[in-house]
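The values are calculated or read from the model by the stated rules, or taken from the named source; none is laboratory data. Note that the coordinates shown come from a computational prediction; the quantities given were computed from them, not determined experimentally. Cβ coordinates were reconstructed from backbone atoms using ideal geometry, including for glycine residues, and neighbour counts include every protein chain displayed.
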């Protein structure tokens, strides 16, 4: 098992390095000139060229990547003279659009995204798995139809629409909640939760749908397994049977998908963050796209990729714990 | 989830187009004109007089204190660094709250708001006879938020930052570099050598800590207007953080920035080092101003209409979206909270005098086009009022309704018959031969910003002109490349937009029609009357008597209309809705928005 | 032996409603199992034998199912009991062994845990060491080597035969009165099959547990059981002692089954002589005798075989459900036999 974890970690690190190189090279290959993007509306070629040298965009891409990696390890200083800015390690770049070190931007956005993600994830798993189990147990009855109907509606509604509707209903037309404005959990846990109720619910409603269906199908499938029948024949209580036998088995494949979904969410819940005005990684990324803010774009892409790689590794290890059959593999 | 994520790209793209026309003084409203629902086809009769906002524009029932909320869909302020601020909204917002300059506009509703008043200086400046040397004296008791006095050195240092192209990124206006007698190799204060700084301080001279003297390369009779731009504001060298200064500038006004949490809020609180006695311009009432960023665009209007809780003390950074206009402007329910007025822009179609060197044809084009149909195509009467010239009504001192060519229909519809008569006249005029051939046989190339609305607009142009025998060759250009394309390869006709940089038509007529003025694209210098025109413009530029100067601009505007060097389009308009407790929210003419610092709240 | 049988099944009917129609999986089945007895139920797949076995434990589930008739365990009608009362009898009074040991064990728990669970369910107050001892003992009893060590292993770490032993251990951990073994050897290798059958026999002898062995394999029946119930199309077609069934079958279907076994014996593997035709669809059972389409002795158009369902009646030492005249049947069957 230990060897399994070790091997998985090494693989993840190698993968991350490869992803970072690809990201860097890809974004550098974009037709937009990063140096020109740092320049204002009265820009001259002279200023562009000066900025190019200052930011190192005149160097070959691989060397730029080297400097980028060096910055992550050692920190980096941008610009000459009194106006120079220093970003301490791990420096992911400096955003001339936002006038801040990218690492600072990311580390400010991450808690927001994590808050959104964790809450939404818990809620959607409870909702998705709960309704899925209910639907499977009450197969063919009204509970099943309600849950399946919910799942169909959730899947067919775009997040943007649900989010906007939620805001309009609960903060404008029937103002039971304030318009969401993120507050740190340490600053004021009550305000934190209150601001996140709508985003959590929106994400949960939209994303739970898939899980309702997966869980329902998984449970129904496992219910027909011989070992479940044997459990019943042993005299095991139905409730115990459902949790210990059915859910345990049905959830193993769901864990894999949930892990990746969660990682994708950590990479930024773009739409939700935008509509609910949550300054998380997703919003940062989308604004970087709008502003053509290359350093931020590279960094947010890397963060998202890192989460996916990490989640993959974690899911693999978890899978090993969950299913004794894959441990040796 | 992936599916919806992809959908977002489209939505954000849509939002971008809207954001792009939000505010900068020099902007191409042309390329980015958004498609909005037509208000004229709705059946409601709408008034096109400006609406000033009723009670919300007065100070009725204002109580001292309170918090004003500014709702904004942008993720943050575009710039807070005085040398980098250029958008009209930011100039009025920050200029009335945090940043002071030597001179300012009077904060008052209507035309009164366009008069220049002394701010940090004791008066509006003294010019030498040739208007090449301008002297300002600083008043007593002016300080930064840390209590340190504002001296000549701070203004000198602030102005020098405009030259630091790599730090201030040329975000702000560049009049300093164009006007001031400073060596061309001056690199700005961050990297300048001692000699370079010494040379700079000859151009911007501190005669003593309270006296600043600007030495100009050329005569500028309204340089005292120029220094009202925040780019001529003070920055204490010790507090300069370079690129990061734009996140937290040092305040000299009645408010200071308490916190700026990008993507969330910018909170301004009262600056206790500021004294009313030292500031004849601003009269603050509020305790706090909270600028909320990143709100969903679709939500902002809904919140304003609902007018609940804190939103009763709210204003919006951007104007109402087209889909909200019908709700807000039908009936009187919102009359006390809504404003509809000019935002300072004029749109116009530049004629290339090298190719279309025939007045009869230029006039025929103006008469032939169905301006009403065009305005309907871009969104109807709310988008603007038909312009009679190039000076916006907001520039009240210089504005006069010009006399329009005979035969031009006042309702904006085409007068095809009159245009045909003019074309017949051109046909027989040997001086018009080449232009006539170009217009009727080859076709006139029409350069404009590419947009969905403009594909409709250009087809109206084509149909209108076809009726009088003129052919149009459509040439859509990427909006961001528009002005560069005009400069490098001007078409026969080009669609542009313009707003003033300060309250003087010197920032309209010379830049638009004088060679090297910055934005003159129509080869006007090929017109035989050009030398005479330049002479009159130069005379107006150096005229120190403002009233006299104004009448000169009015006459020049009339002359340009008569000669049809360009065809005026519309004076563009914007509509806003404020919360029910907001007072003093009137359109501050120079900026087309509120003087936020003077806003008060009713109980 | 007492007069009251351990298990008395009377007129058991189980039907399922499917989109294609109602399936009568079990139709008027009656039989007894006495304490300590080994009874075999034999039949092709779809004959209703597994459904019968599940019905005995009320394991058939689903909203579309209905069960009628009575199942008396020690004189108590299981049908009249609450779900909880039935649950308490499952695994304690009646235990079950399934066909496929590969899928019958929960892959996520160690085998020790699973055996322990079977014990704990009916001994909720048992302490850990006691449970552990029981687990080790029952694993040892079914021939799992090194049970102390192996109890921590997971099902996938055992061979098929070993897994079936574990299932048996689990079934016997509460010393049930009746063990229902539903095709316990079908999924196993031939050599292992014998071992498992031997194990079941041994345990039956040691503990006096009655065994209801369900199989399609007459060979297994011959080796293990005392009495045989032959099912076809959801009904019992013959019931008799093992000897009489093998020596003198009284139903054409039983004869067919024996034929397939014998041909295997004589001609070796591969040339299994199956009964011509295929088992009937339970939705569209033929009118009259369900076996008629495949019966080589059927009386032809318009006869009883085509119009009425034959009832089980005493023939010789056993019972049989066939319209053929008994003497005629014996003559025909003997002729084929010879």
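The table below lists the values:
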| read-out | value |
| --- | --- |
| Which listed residue, of B:290, B:269, is in a strand (DSSP E or B) and away from chain A (no Cβ under 14 Å) | B:269 |
| Filtered residue count, segment A:182-200, keeping only those that are touching a helix residue (DSSP H, G or I) at 6+ places or on another chain (Cβ under 6 Å) and either part of a helix (DSSP H, G or I) or under 18 Å from residue A:272 (Cα atoms) (or both) | 6 |
| Some residue of segment A:122-136 being surrounded by fewer than 23 Cβ atoms within 10 Å (Cβ to Cβ) and closer than 19 Å to residue A:277 by Cβ | no |
| Qualifying position, being within 30 Å of residue A:186 (Cβ to Cβ), in contact with a helix residue (DSSP H, G or I) (Cβ under 8 Å, 6 or more places away or on another chain) and modelled with pLDDT of 85 or more, among A:85, A:102, A:73, A:19 | A:102 |
| Identity of the residue in segment A:274-307, surrounded by fewer than 19 Cβ atoms within 10 Å (Cβ to Cβ) and free of Cβ contacts under 8 Å to residues at least 60 places away in the same chain, that ends up farthest from the other protein chains (Cβ to nearest Cβ) | A:289 |
| Unmet criterion (only one of (1) surrounded by fewer than 22 Cβ atoms within 10 Å (Cβ to Cβ); (2) at pLDDT below 90) for residue B:562 | (2) |
| Total residues in segment A:147-161, condition loosely packed, with under 15 Cβ neighbours inside 10 Å and more than 11 Å from chain B (Cβ to nearest Cβ) | 3 |
| Failed item in (1) in contact with a helix residue (DSSP H, G or I) (Cβ under 7 Å, 6 or more places away or on another chain); (2) part of a helix (DSSP H, G or I), with residue B:335 passing the rest | (2) |
| Qualifying positions in segment A:200-239 - more than 25 Å from residue C:121 (Cβ to Cβ) and within 12 Å of another protein chain (Cβ to nearest Cβ) | A:202, A:203, A:206, A:207, A:208, A:209, A:210, A:211 |
| Residue count for segment B:513-533, restricted to those that are at pLDDT below 90 and either in a helix (DSSP H, G or I) or at positive phi (or both) | 2 |
| Selection count, segment B:185-226, where residues are assigned to a loop (DSSP other than H, G, I, E, B) and either in contact with a helix residue (DSSP H, G or I) (Cβ under 9 Å, 6 or more places away or on another chain) or closer than 30 Å to residue B:395 by Cβ (or both) | 16 |
| Residues satisfying the stated conditions in segment A:66-95, i.e. away from chain B (no Cβ under 11 Å) and assigned to a helix (DSSP H, G or I) | A:66, A:67, A:68, A:69, A:70, A:71, A:72, A:73, A:74 |
| Every pair of residues 6+ apart whose Cβ atoms lie under 7 Å, when the first sits in segment C:122-142 and is in a helix (DSSP H, G or I) while the second is surrounded by fewer than 16 Cβ atoms within 10 Å (Cβ to Cβ) | C:136/C:148 |
| Sole exception among (1) surrounded by fewer than 21 Cβ atoms within 10 Å (Cβ to Cβ); (2) within 14 Å of chain A (Cβ to nearest Cβ); (3) out of contact with any strand residue (DSSP E or B) (no Cβ under 7 Å at 6 or more places or on another chain) for residue C:65, by number | (3) |
| Matching residues in segment C:100-120 - criterion: being surrounded by 21 or more Cβ atoms within 10 Å (Cβ to Cβ) and at the interface with chain A (Cβ under 8 Å from one of its Cβ atoms) | C:104, C:105, C:106, C:117, C:118 |
| Some residue of segment C:247-258 being in contact with a helix residue (DSSP H, G or I) (Cβ under 6 Å, 6 or more places away or on another chain) and more than 17 Å from residue C:49 (Cβ to Cβ) | yes |
| Candidate set: segment A:308-328, residues that are within 14 Å of chain C (Cβ to nearest Cβ) and touching a residue at least 60 places away in the same chain (Cβ under 8 Å); chosen: the one nearest to the chain's Cα centre (by Cα) | A:318 |
| Filter result for residue B:553 (touching a residue at least 12 places away in the same chain (Cβ under 8 Å), under 21 Å from the mean Cα position of the chain (by Cα) and under 27 Å from residue B:126 (Cβ atoms)) | yes |
| Positions within segment A:162-181 being in a helix (DSSP H, G or I), facing chain B (nearest Cβ under 9 Å) and surrounded by fewer than 16 Cβ atoms within 10 Å (Cβ to Cβ), in sequence order | A:173 |
| So residue B:247, is it in contact (Cβ under 8 Å) with a residue 60 or more places away in the chain and farther than 19 Å from residue B:101 by Cβ | yes |
| Residue ID - nearest to the chain's Cα centre (by Cα), chosen from residues in segment B:232-262 that are surrounded by 23 or more Cβ atoms within 10 Å (Cβ to Cβ) and modelled with pLDDT under 95 | B:246 |
| Yes/no for residue B:244 being under 17 Å from residue B:126 (Cα atoms) and in the same structural domain as residue B:268 (by the TED database) | no |
| Residue in segment A:90-97 that is surrounded by fewer than 19 Cβ atoms within 10 Å (Cβ to Cβ), touching a strand residue (DSSP E or B) at 6+ places or on another chain (Cβ under 9 Å) and under 15 Å from residue A:299 (Cα atoms) present | no |
| Search result, residues across segment A:315-329 that are surrounded by fewer than 18 Cβ atoms within 10 Å (Cβ to Cβ) and assigned to a helix (DSSP H, G or I) | A:317, A:318, A:321, A:324, A:325, A:326 |
